[in-house]
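**Q** After the structure tokens below, expect a handful of questions from me.
The values are calculated or read from the model by the stated rules, or taken from the named source; none is laboratory data. What you see is a predicted model, and the numbers here were worked out from it, not measured in a lab. Glycine also receives a Cβ, built like all others from the backbone with ideal geometry; neighbour counts cover every protein chain displayed. Heads up: the accessible areas ignore ligands, DNA and RNA and are worked out on the full protein's heavy atoms, side chains in. Shrake-Rupley method; radii C 1.70, N 1.55, O 1.52, S 1.80 Å.
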Amino acid sequence: MEKRQIKKIYKEYVIGCYTKEDLVFVRGKGSYLWDLNGEKYLDFFPGWAVSGLGHCYPEVVKSIKKQASTLIHIPNNYYHPWQAICAKEIIDISFEGKVFFCNSGAEANEAAIKLSRLYGKEKGRYKIISMENSFHGRTLATVTLTGQKKYNEPFKPLPEGFDYVPFNDFNALRKKIDDKTVAIFLELIQGEGGINVIDKDYLEKVNKLCKEKDILLIFDEVQTGFGRTGEFFAYQHFGVVPEIMTLAKTLGGGFPIGAMVAKKEVADLMVPGTHASTFGGSPLACASAIAVIKTIKEKKLLEKVRKNGKYLRKQLEKLKKKYDFIKRVKGMGLMLAVELEMDGKEFYKKCLEKKLLLNCTHGNVIRIMPALTVKKKEIDEAVEIMDECFSSLI
Ligand SMILES: Cc1ncc(COP(=O)(O)O)c(C=O)c1O
């Protein structure tokens, strides 16, 4: 099919809720994508962090193929080995607890919201505090949890019980807590909000306060999870363990899967009838996730992320020295960004013309999140294109 035809069918038959580039991709491998005409693109934002191991990682492909010909789906009223293995793998690399499987980040957060409400029920506590600038998903509850009016105001009236405070502002958070507060929801690095890293000191204070007041500390690691920051999970850099953690994106290596991990005493509140997902934790999704976790361990990807993240950051710092309009370089591991003085759209478009895929968020923040498997020469290639595009803006 030609591009013109594909676009025409989209226009007629696909709901237009996405801003789209004029690109049709048909193949991917590692850090590269190929379009309909065989043109090659360097992808430094693969699948919005979903294709965390790069496109079509061989072990993931192999695992999906094998599983698809063995058993694709089994409903959750039966057992199957792959969900058991996957849950144990996740717990082995995180904290003592139990896992609920679903299909996306929003669903993982939705599960965490519902579990919080179960936790607070006896004492009539139900309110959740999240951060301004956060992003937690697009279902009605998770878009309400998201502390950005542009995402939730169009859907008013919103569900009750959500409060927002500025990120990294402990006093504001303390003041917002009342006797109905049951949970605090945090991204340790705000992704969509512009790659804002949490202050260690702030996080430690929040943790202490949560313990004092019996408030659940919940980390949304949908974007930061599975090696993105150089540890399996971002919280492992800070030494603060949450009661609940939500996961998705890289976990499936491109295949849809989400998960909520909760400490045992909290997790056990989710008894039959309280929550469910028909597709959640299918053999195919779990086989894909098992391959991802195994790969991160066996290929020592955490070390690679730390090393390549440091290198990429150094190269971006060099660009900052060269171009006055780069305000700062920020992030951790391979979750990096350059914040510009001006709107980032023009730079983003220029990179696109030169076949480098990035992301522009929050108006002036260029998000750079290559695959965990990225090679040094691909980083050099991307930085060279960015340099050319920055120089053309002068
Ligand atoms: C931190 C965070 N939480 C939740 C979500 C929602 O995930 P999904 O789009 O899989 O529902 C996203 C998506 O970008 C995210 O970045």
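**Q** Ignoring ligands, DNA and RNA, what accessible area per residue does the chain give at 1.4 Å, in Å²?
**A** 48
**Q** Could I ask something else about it? Run a plain Debye calculation on the chain (Cα atoms as equal point scatterers, no solvent) and give log10 I(q)/I(0) at q = 0.06, 0.10, 0.11 Å⁻¹, rounded to two decimals, same order as the q list.
**A** Values, matching the q order: -0.23, -0.67, -0.82.
**Q** Considering the zone a paramagnetic label at GLU265 would reach in this model (a point 7 Å from Cα along the Cα-to-Cβ line), which residues of the stretch 79-111 have amide N under 20 Å from it?
**A** 95-100
**Q** May I pose another question? Roughly speaking, to the nearest percent, how much of the stretch 33-190's 1.4 Å accessible area is carbon and sulfur?
**A** C and S fraction of accessible area: 54 percent.
**Q** Using only Cα positions of the stretch 298-394, each an equal point scatterer, no hydration layer, compute I(q)/I(0) via Debye at q = 0.15, 0.16, 0.17, 0.25 Å⁻¹ and quote the log10 values to two decimals.
**A** Taking Cα atoms of the stretch 298-394 as identical point scatterers yields -0.53, -0.61, -0.69, -1.46.
**Q** Would you list ASP268, ASP179, ASP380, ASP43 from the most to the least accessible area, probe 1.4 Å?
**A** Per-residue accessible area, sorted high to low, gives ASP179, ASP268, ASP380, ASP43.
**Q** Now a separate question. May I ask you to derive the FRET efficiency for PHE95 and TYR202 from their Cβ-Cβ distance with R0 = 22 Å, giving the value to the nearest 0.05?
**A** That gives a FRET efficiency of 0.60.
**Q** What share of Cα pairs, in percent, lie more than 19 angstrom apart in the stretch 225-308?
**A** Roughly 48 percent, rounded to a whole number.
**Q** State to the nearest 20 debye the size of the charge dipole of the chain about its Cα centre, where the only charges are +1 on K and R beta carbons and -1 on D and E beta carbons.
**A** Computed about the Cα centre, the dipole is about 620 debye.
**Q** Of the beta bridges DSSP finds with both residues in the chain, what % are antiparallel, to the nearest 5?
**A** Here the antiparallel bridges make up roughly 65 percent for the chain.
**Q** Here is a further query. Measure of size requested: the Rg and Dmax of the stretch 242-367, with Cα atoms as the atom set and Å as the unit; please supply both.
**A** Calculated on Cα positions, Rg and Dmax stand at 19.5, 59 Å.
**Q** For a quick check, take a GNM of the chain with Cα springs below 10 Å and name the residue from LYS175, LYS345, LYS88 with the largest mean-square fluctuation.
**A** LYS175
**Q** Right, another one. If you check each cysteine of the chain for another cysteine whose beta-carbon is under 4.7 Å away, which ones come up empty?
**A** CYS17, CYS56, CYS102, CYS210, CYS351, CYS360, CYS389
**Q** As an exercise, take the mean of 1/r over every pair of distinct alpha carbons in the stretch 126-176, invert it, and state the Kirkwood radius in angstroms.
**A** 11.0
**Q** Still on this structure, I have one more. Looking at the stretch 58-183, I'd like the Rg to Rh ratio, where Rg is from alpha-carbon atoms and Rh is Kirkwood's inverse mean 1/r.
**A** 1.07
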